Amino acid sequence: TLIVLQQLSFMKNKDLGFTKDQMMLVPMNQEVNEKFETLKNELQANSSILGVTASGQRLGNNFHQWGFKVKSDTGIVDITPSNVNVDYDYLKVYGIKLKQGRDFSKTHASDKGKAFIINESFARELGLKETVGTPAGHDWYHSDSLGTIIGVAEDFNFNSLHYKVNTLSMVVHPEWGYSEMSIKVDSRNVAEAIAVTKELWDKNITTFPFSYEFLDEHFDVLYRSDEQ
């Protein structure tokens, strides 16, 4: 019993490598995606909201895996990492740290769809002398039109702690659509942040009802069967 309790405590208190507290998750449909930049700018203008971003998949879930090509010194390497489509501010809002390179930026036109940030596990598996600057892309790209690895992020537990950290690639592809908005709220003004979000939502969105969940609650559900 003591060992199980220690394991539960470890899972609940371990530093996951990103911020999960006070992170409000709001589902998105096509209309919300089309108006995402407007919503983001208006939300960030309120002092109770500390950051807004979006992604195609939720942290704590098993990210989709698909083919990825990397142009090494010896030729094209094919690998199948986990992948996630993110907004430009994803790393900043979630507090994910970079070990090498730079973050996504709208000032670089090629960052839209042609820039990749991979995690340490992916970089180790590739074993390149210089990871940042290496041509890379998804396997439906021709090898002569690959994008570039622009950064290496510290490993973070994007899946539950029941699984080890897998190789991961992050890319900005707004046209693919995001499934969920992540809104980092001020812990002192949670009620105000929710009310502001709902008000802006009702003003801008006509085809999709407003709903939300907090990320820490999602992680609690992941470990509920362990507790039982």
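The string of couplings for the range 41-53 from the Karplus curve (6.51, -1.76, 1.60, θ = phi - 60°) is 5, 5, 5, 5, 6, 8, 5, 7, 10, 9, x, 9, 8 Hz, one whole number per residue in order, with x for Gly and Pro. Once the Cα-Cα distance is subtracted from the 0.36 nm per residue extended length, the Asp73 to Ser105 segment shows a gain of 8.8 nm. One chain, two ends: Glu199 and Glu175. Fully extended at 0.36 nm per residue, the span grows by 6.0 nm beyond their Cα-Cα distance.
Annotation: Trp66 carries an accessible surface of approximately 60 Å², with a 1.4 Å probe and no ligand, DNA or RNA atoms counted.
The values are calculated or read from the model by the stated rules, or taken from the named source; none is laboratory data. What you are looking at is a predicted structure, and each value in this text was computed from that prediction instead of being measured. Just the protein is used for accessible areas: all its heavy atoms, side chains included, with ligands, DNA and RNA removed. Shrake-Rupley method; radii C 1.70, N 1.55, O 1.52, S 1.80 Å.
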